[in-house]
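J.: Starting off with a structure, shown below.
Taken together, the values in this text are just the output of simple stated rules run on the coordinates, not laboratory data. Please read all numbers here as calculations on a predicted model, not as lab measurements. Glycine also receives a Cβ, built like all others from the backbone with ideal geometry; neighbour counts cover every protein chain displayed.
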Amino acid sequence: MVYVPAEAVLEVERRVDVTGRIEEALAEISAINVELLARGELD
């Protein structure tokens, strides 16, 4: 657990949410790339 000052809580929560969404999107892109590499469709 990390201490966050009360005045920063909303911004930290927003950034954590955005980071989670970005990580999910990158995981999906990575899975697609693995599939394309397996098919020989990427150089």
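J.: Find the percent of Cα-Cα distances in the chain that exceed 17 Å, and round it to a whole number. Before the final figure, lay out each step's value.
T.: On the way: 478 of 903 pairs.
Everything past 17 Å amounts to 53 percent.
J.: What size of dipole, in debye to the nearest 20, comes out for the chain about its Cα centre when the only charges are +1 on Lys and Arg C-beta atoms and -1 on Asp and Glu C-beta atoms? Could you put the intermediate results ahead of the total?
T.: Numbers: 4 positive and 10 negative charges, 12 e Å.
The dipole magnitude comes to about 60 debye.
J.: Still on this model: If you filter the chain for GluC sites (Glu not before Pro), then keep DSSP loop positions with at most 12 other Cβ within 10 Å, what is left?
T.: Values: sites: 7, 11, 13, 23, 24, 28, 35, 41; in loops: 41.
Answer by residue number: 41.
J.: Then there's this: Relative to the longest principal Cα axis of the chain, at what angle does helix 9-39 sit, 0 to 90 degrees, rounded to 10?
T.: Here the helix axis deviates by roughly 10 degrees.
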